[in-house]
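See below for the structure under consideration.
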Amino acid sequence: MSFLEQFNQTDWDELKITINSKSANDVEQALKASRLTHDQFLALISPAAEPYVEQLAQKSMQLTRQRFGNTVQLYLPLYLSNKCTNICTYCGFSLENKIRRKTLSMTELENETAAIKAMGFDHILLVTGEAQGTVGIEYFKDVVKKLKPHFSHITMEVQPLEQHEYEELMELGLDAVLVYQETYHRSAYAKQHLRGSKMDFDYRLDTADRLGKAGIDKIGIGALIGLEDWRTDAAMVGLHLDYLERTYWQTRYSLSFPRLRPCEGEFQPVSEISDRQLVQLICAYRLFKPEAELSLSTRESESFRDNVLPLGITTMSAYSKTQPGGYAEDTPSSLEQFAIDDGRRPEAVAEAIKSKGLEAVWKDWDSSYSH
Ligand code: SF4
């Protein structure tokens, strides 16, 4: 059974009721468990777990150090293009936003690479809008070929592709793909994705299965916090990860929990999460899935990132520019996908990591299995 089939048998409202009916006793039982069930994970993300955030954080910290040692990986997003043929209400690259569109040429890519290498990064995340005609498979192949000699780990966050396209890119050196469902609530998804291929909820949801079948080293999933009830979306992410780990057990997984940030559009989050609730969520993910990488971007503030990083985070971006060409040139911020909050230089972030007794690692782990 694919995840899509499993998902179609899962009722959002029932899941929400289950989460909200969890008691303090359910939370205490979950905190004692050595390996959590999905139902116990629901207790940890429930309102009943809010008074237990300190205990959650202690346990999460312990599990993270056991599994990942005293390290935090650093990576940098490389925005290749802000062209997009989709309309997503919450994104600065959305088609109807009147911004200057730019796609990096191979020469501009070389300049970006040199600027990024000079900062010390060895792990790169390639990002584009969804514009199949301009930034399609042939462009991605050229980019991966060009970048492979310079980076030990290449991750992509672009439009969902076909399995054979992932396989072609993997042969050229692609290591990982991030594909966030944004929200697992079908009708809320339909309200925010108004035009273009991203309207196809099912095709997007099926992407992680295509990646798993392609045998990729790592898949990242997650929900964008703010589009629907964050607890129920997190419960869906948990179900999705559970399924993927069982089905494609040789693949590694990472989770992200981006909160909506201001951009060129004027989207107001439908559901808000406080800093404390986000800590609760991060630690609950860690207790549920001790092997999953948990990634925190520069959308979050300097102080939040510094406080939360020892609790369960394994991967962070630093000094991100979300406009194409942002590292090599002084490009205008109006080309950005969203505003960043933590604007520190990479060495300052590495120093903050060190001050927590941890070590910044500038590359990703090497693949543990060969496919
Ligand atoms: S979220 Fe992605 S697909 Fe939607 S407008 Fe932004 S870049 Fe395009």
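What follows draws every value from the coordinates through simple rules; no lab data is involved. The model shown is predicted, which means the values in this text are computed figures rather than measured ones. Don't worry about glycine lacking a Cβ; one is built from the backbone with ideal geometry, like all the others, and counts go over all protein chains shown.
Remark on MET156: its backbone amide H falls under 5 Å from those of LEU126, ALA176, VAL177, LEU178, a criterion applied only to residues 5 or more positions apart or on other chains, H modelled at 1.01 Å from N.
In order along segment 29-44, the phi-based Karplus estimate (6.51 cos²θ - 1.76 cosθ + 1.60, θ = phi - 60°) of 3J(HN,Hα) comes to 5, 5, 5, 7, 5, 8, 9, 7, 7, 4, 5, 5, 4, 4, 4, 6 Hz; Gly and Pro are listed as x. Derived scalar couplings between HN and Hα for segment 68-80 equal 10, x, 9, 10, 10, 7, 10, 9, 10, x, 10, 7, 8 Hz in order, rounded to whole Hz, by the Karplus curve 6.51 cos²θ - 1.76 cosθ + 1.60 (θ = phi - 60°), x for Gly and Pro. Ordering MET199, MET106 by the number of other Cβ atoms within 10 Å of each residue's own Cβ, fewest first, gives MET106, MET199. Largest GNM mean-square fluctuation across HIS123, HIS153, HIS164, computed for the chain with C-alpha springs under 10 Å, falls on HIS164.
Around the amide H of GLN73, modelled in the peptide plane, lie the amide H atoms of THR315, MET316, VAL361, all under 5 Å away and 5 or more residues distant in sequence or on another chain. The GluC sites (Glu not before Pro) of segment 153-215 that meet both conditions, a loop assignment by DSSP and at most 15 other Cβ atoms within 10 Å of the site Cβ, are GLU162. The phi torsions of segment 284-300, fed into the Karplus equation with coefficients 6.51, -1.76 and 1.60 and a -60° offset, translate into couplings of 5, 4, 4, 5, 6, 10, x, 8, 6, 6, 10, 10, 10, 9, 7, 4, 8 Hz, rounded to whole numbers, with Gly and Pro shown as x. Against the main long axis of the alpha-carbon atoms of the chain, helix 230-247 sits at an angle near 80°. Of the chymotrypsin sites (Phe, Trp or Tyr not before Pro) found in segment 167-262, the ones in coil according to DSSP and having at most 14 other Cβ atoms within 10 Å of their Cβ are TRP249.
In this structure the amide hydrogen of ILE225, modeled in the peptide plane, comes within under 5 Å of the amide hydrogens of ARG259, LEU260, none closer than 5 places in sequence on its chain. Other residues with beta-carbon under 9 Å from the beta-carbon of THR232 carry, at +1 per Lys or Arg and -1 per Asp or Glu, a net charge of -2.
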